[in-house]
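Here the structure comes first, spelled out in structure tokens, and everything after it is commentary.
The values are calculated or read from the model by the stated rules, or taken from the named source; none is laboratory data. Small disclaimer: the values here were computed from a predicted structure and weren't measured. Backbone-built Cβ (ideal geometry, glycine too); neighbour counts: all protein chains shown.
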Amino acid sequence: MKIKINAEEKSKLQEGMIGLFFEDINYAADGGLYAEMLENRSFEFVKAAGEAKDYWTEYDGSYAWSMYPAGAKGSARPVSGSPHSEENPHYMRLQTEHAGEGIQNKAYEGIYLKKGMEYKLVFWARCVRFAGDFRVFVEKGGTQYAQVRISASEGQEETCNHFRRYEALMCAEKDVEKGSFVLTLSEPGTVELDFVSLFPGDAVCGIFRRDLFDMLKELRPGFLRFPGGCIVEGNTLANRYRFKDSLKPVWARRNNWNRWAVHGNNEENRYESVYSHYNQTLGLGYYEYFLLCELIGAKPLPVLNVGFACQYQSDEMAAIDSPEFQEFLQDALDLIEFANGEENTPWGAVRVQMGHREPFGLSMLGIGNEQWQTEQADFFQRYEIFEKTIHRQAPQIRLIGSAGPDVTSERYERAWEFYHAHGSQENFVYAVDEHYYVKPQWLYDHVDFYDNYPRDVKVFSGEYAAHPTSGFNKPQANTLEGALAEAAFLTGVERNADVVYLASYAPLLARLGYAQWSPDMIWFDAAACYGSPSYYVQKMYACNMGDVMLETCLDKTAAARGVFYSVSGSEKTGEVIVKIVNSGDERLEIELELPEIWADRGRIQATILTGPEREAHNSIAEPQKLAPYEEQFGGLDSIVLPPLSFTVLRIGK
């Protein structure tokens with residue numbers, strides 16, 4: 001098979017075109033990227049239940065905590081009355097009858113400690129009738145693996161109601177998995193506890209779990225869309241993500257139930273999921289998201305609520321003529337000021353106080369998530385109001401519109417009619433967000449999806465993934481076949497870079513045993529993480545983007561043979577970059593023909609992702625079973641690609 005490459009430039013590639021989408025689904029934030037190791041640290045968790053248009057919560061402040069040791073005569077119960085934090089009014093009242101009694105935290109499936117690592121312990125306590133020592137340790141099978149003793153007299157930063165802050169470092173003496181976190185009193189007494197927290201010493205900036213952070217940074221993402229997803233809307237308006245709640249001290253960020261706590265509810269499970277206690281501490285808030293973007297080199301792309309709860313789950317909305325709707329508009333303006341404002345502005349001053357004097361350089365905003373127009377839901381009018389309001393104050397901000405939850409329905413077509421009708425209006429919309437979770441064959445069949453799109457309005461492929469299968473807790477759903485279909489589809493996305501400006505796979509993270517959605521890009525447990533084949537496809541794209549798309553004489557029979565490719569050029573390095581998918585079961589011999597002006601180019605470095613079968617996947621036990629490897633080819637006519645493979649060829653001098 002021959003691929004003839006021309007020197008003619010077809011279109012410019014947007015810098016940072018391949019990015020990331022983050023949502024707190026599958027315990028991606030609490031229990032994931034946010035490195036806090038304990039659950040329900042402020043004793044505010046609720047249990048969520050219900051179905052569409054009928055959700056409720058029950059306070060369950062003892063969740064994840066129990067008395068230690070088993071059979072202890074004392075008691076621990078969540079109470080309120082004189083709180084450490086008004087936003088989180090409950091705290092734990094611990095009463096012990098014997099020395100060594102206390103409380104323990106289950107910490108998801110248990111605490112993982114790494115030998116030699118220091119762990120930062122913080123808690124607040126009011127010593128009602130206690131003057132002894134706190135003993136804090138991680139235990140498994142009667143053995144203590146990290147421990148510290150703190151005198152009740154050592155507390156600092158006393159509040160007006162006598163809560164005091166305690167802080168210490170605990171060093172792990174050995175590796176341990178599935179341990180229990182324990183806090184005990186050295187003598188009988190009464191203590192009230194709040195915000196009991198444990199972080200690994202290697203957490204990036206004391207916030208982000210190191211191994212997950214490193215995997216994100218290695219992707220070299222151009223942007224990060226956050227914080228969702230349906231999280232932005234909430235299953236009720238009261239349940240939505242409020243960015244201002246996340247800008248307070250971490251112990252004063254109001255606890256919220258996570259809308260994914262009720263995913264999969266039905267009559268058979270009495271409308272109560274196994275993840276009914278999935279909550280949001282907001283420890284990973286907007287400041288942390290902006291900081292994460294800065295650290296991994298990605299442009300921030302926050303998504304705004306336009307006054308709708310999730311349209312799948314609710315008909316709640318703030319009327320356009322209501323004071324409540326004005327709050328949503330003001331939030332948009334205040335968010336821009338928080339990210340970009342000088343320190344003498346109200347919200348810029350908040351950013352500076354949190355530790356970041358320089359502006360974050362916000363340049364893009366998403367207006368709504370998976371919103372669509374109905375007789376009741378006036379999304380188009382809301383978009384126009386947000387556009388005018390934002391651009392009146394910040395004309396430089398690029399806005400992302402929504403085409404709804406799919407690319408096949410009438411609501412999708414109506415959305416595009418709306419945006420095209422305003423296509424001549426300068427700065428009305430930067431790109432329109434499209435979502436598709438589909439079978440691998442759909443992606444193969446629609447590699448040419450954007451070939452005939454009108455070019456007046458641009459596209460953001462904001463959430464996409466191949467779903468060979470789907471459901472709760474299915475890491476095996478991230479097959480090689482799905483990844484190859486995604487790679488094939490992305491050749492069409494890249495070839496149409498004059499209309500598709502941004503693209504991001506979804507979801508990003510999933511904790512093993514805690515996933516409401518499969519497949520996902522990165523899987524992890526308490527101890528380790530691994531990339532799926534889809535992760536490596538994303539990495540191979542993001543790390544091998546040229547500056548311009550090059551014209552090729554496209555072989556019309558290629559797709560029928562299961563071969564898909566795109567070609568770009570790097571003005572920075574002078575390289576020609578070929579991405580090619582061989583989805584067939586036989587090896588593929590290809591010949592590349594370059595124009596005479598590039599006769600000096602012949603050094604070929606290949607990065608290849610392949611595997612033994614379509615259903616092959618990585619796992620926590622075999623994290624590198626499917627991973628790219630490097631190879632060099634001697635010439636343009638000696639390239640042999642394995643079956644079931646995605647290959648990136650970099651052709652240089």
Residue satisfying all of: in segment 545-575; of a type in the set (Val, Ile, Thr) and surrounded by fewer than 19 Cβ atoms within 10 Å (Cβ to Cβ); modelled with the lowest pLDDT among these: 557
Within segment 417-468, considering residues that are at pLDDT below 95 and of a type in the set (Gly, Ala, Ser), the one nearest to the chain's Cα centre (by Cα): 423
Residue list for segment 123-166, filter: hydroxyl-bearing (Ser, Thr, Tyr), in a strand (DSSP E or B) and farther than 23 Å from residue 113 by Cα: 151
Selected residue (only one of 624, 605 is exposed (fewer than 14 other Cβ atoms within 10 Å of the Cβ) and either farther than 13 Å from residue 533 by Cα or not charged (D, E, K, R) (or both)): 624
Where residue 114 falls short, out of the listed (1) more than 26 Å from residue 84 (Cα to Cα); (2) among the basic types (Lys, Arg); (3) more than 29 Å from the chain's Cα centre (by Cα): (3)
Hits in segment 158-180 (condition: more than 21 Å from residue 148 (Cβ to Cβ), surrounded by 14 or more Cβ atoms within 10 Å (Cβ to Cβ) and not polar (S, T, N, Q)): 162
Near pairs, Cβ below 8 angstrom, 6+ apart or cross-chain, from segment 591-604 (touching a residue at least 60 places away in the same chain (Cβ under 8 Å)) to any residue that is assigned to a loop (DSSP other than H, G, I, E, B): 591/1; 591/636; 591/637; 592/636; 592/637; 593/636; 594/601; 594/636
Hits in segment 569-624 - residues which are in contact with a helix residue (DSSP H, G or I) (Cβ under 8 Å, 6 or more places away or on another chain) and among the acidic types (Asp, Glu): 613, 615
Filter result for residue 28 (part of a loop (DSSP other than H, G, I, E, B) and either in contact with a Lys or Arg (Cβ under 8 Å, 6 or more places away or on another chain) or among the hydroxyl-bearing types (Ser, Thr, Tyr) (or both)): yes
Residue selected from segment 292-346 under the condition assigned to a loop (DSSP other than H, G, I, E, B) and hydrophobic (A, V, I, L, M, F, W, C), by the criterion surrounded by the fewest Cβ atoms within 10 Å (Cβ to Cβ): 319
Residue, farthest from the chain's Cα centre (by Cα), within segment 201-214, restricted to residues that are surrounded by fewer than 20 Cβ atoms within 10 Å (Cβ to Cβ) and of a type outside the set (A, V, I, L, M, F, W, C): 201
For residue 139: the one exception among (1) within 25 Å of the chain's Cα centre (by Cα); (2) surrounded by 17 or more Cβ atoms within 10 Å (Cβ to Cβ): (1)
Single condition residue 284 does not satisfy, out of (1) in contact (Cβ under 8 Å) with a residue 40 or more places away in the chain; (2) outside any helix (DSSP H, G or I); (3) surrounded by fewer than 20 Cβ atoms within 10 Å (Cβ to Cβ): (3)
Extreme residue, surrounded by the most Cβ atoms within 10 Å (Cβ to Cβ), among residues of segment 236-256 that are touching a Ser or Thr at 6+ places or on another chain (Cβ under 6 Å) and assigned to a helix (DSSP H, G or I): 251
Of residues in segment 361-394 being in a loop (DSSP other than H, G, I, E, B) and closer than 26 Å to residue 351 by Cβ, the one farthest from the chain's Cα centre (by Cα): 394
Pairs with Cβ under 7 Å, 6+ apart, first in segment 25-40 and within 21 Å of residue 92 (Cβ to Cβ), second of a type in the set (Ser, Thr, Tyr): 30/281; 31/108; 31/514; 36/197; 38/197; 39/108; 40/63
Among residues of segment 571-599, those that are outside any strand (DSSP E or B) and either in contact with an Asp or Glu (Cβ under 6 Å, 6 or more places away or on another chain) or aliphatic (A, V, I, L, M) (or both), counted: 4
All positions within segment 257-275 that are crowded, with 23+ Cβ neighbours inside 10 Å, in contact with a helix residue (DSSP H, G or I) (Cβ under 7 Å, 6 or more places away or on another chain) and not in a helix (DSSP H, G or I): 257
Single condition residue 310 does not satisfy, out of (1) within 21 Å of residue 390 (Cβ to Cβ); (2) in contact with an Asp or Glu (Cβ under 6 Å, 6 or more places away or on another chain): (1)
Pairs with Cβ under 8 Å, 6+ apart, first in segment 228-255 and farther than 11 Å from residue 310 by Cα, second among the small types (Gly, Ala, Ser) and in a helix (DSSP H, G or I): 253/246
Matching option when the condition is surrounded by 22 or more Cβ atoms within 10 Å (Cβ to Cβ) and either closer than 30 Å to residue 579 by Cβ or of a type in the set (Phe, Trp, Tyr) (or both), among 63, 55: 55
Residues of segment 308-324 satisfying the condition of being over 20 Å from residue 231 (Cβ atoms) and touching a residue at least 40 places away in the same chain (Cβ under 8 Å): 320
Residue 613 vs. criteria loosely packed, with under 14 Cβ neighbours inside 10 Å, within 30 Å of the chain's Cα centre (by Cα) and in a loop (DSSP other than H, G, I, E, B): yes
Condition met for residue 91 (in contact (Cβ under 8 Å) with a residue 60 or more places away in the chain, buried (at least 17 other Cβ atoms within 10 Å of the Cβ) and out of contact with any Phe, Trp or Tyr (no Cβ under 7 Å at 6 or more places or on another chain)): no
Residues located in segment 185-235, provided they are closer than 18 Å to residue 510 by Cβ, out of contact with any helix residue (DSSP H, G or I) (no Cβ under 8 Å at 6 or more places or on another chain) and part of a loop (DSSP other than H, G, I, E, B): 209, 228, 229
Subset of segment 416-432 (residues that are touching a strand residue (DSSP E or B) at 6+ places or on another chain (Cβ under 6 Å) and either exposed (fewer than 12 other Cβ atoms within 10 Å of the Cβ) or not hydrophobic (A, V, I, L, M, F, W, C) (or both)): 419, 430
Subset of segment 358-393 that is among the aliphatic types (A, V, I, L, M) and touching a residue at least 60 places away in the same chain (Cβ under 8 Å) - its residue that is farthest from residue 418 (Cα to Cα): 362
